[in-house]
Amino acid sequence: MKTSQKGINLILSFEGFSSKPYLDSAGIPTIGYGNTYYPGG
């Protein structure tokens, strides 16, 4: 799957950005733009 820059901008506008981990509404650790997976984590 390939997403256009316009599509990426739309996603980012809904996600918001957090430089520190937090628990999302489902209790899943999240960081960055809604990222729930990271190496070693």
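The values are calculated or read from the model by the stated rules, or taken from the named source; none is laboratory data. As the structure is a prediction and not an experimental result, all values here were calculated from the model. All Cβ positions, even for glycine, are placed from backbone atoms using ideal geometry, and neighbour counts span all protein chains on display.
Quick look at the numbers
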read-out: Residue tally, condition among the hydroxyl-bearing types (Ser, Thr, Tyr) and at pLDDT below 95, over region 4-18; value: 2
read-out: Subset of region 4-41 [among the hydroxyl-bearing types (Ser, Thr, Tyr), surrounded by 10 or more Cβ atoms within 10 Å (Cβ to Cβ) and part of a loop (DSSP other than H, G, I, E, B)]; value: 33, 36, 38
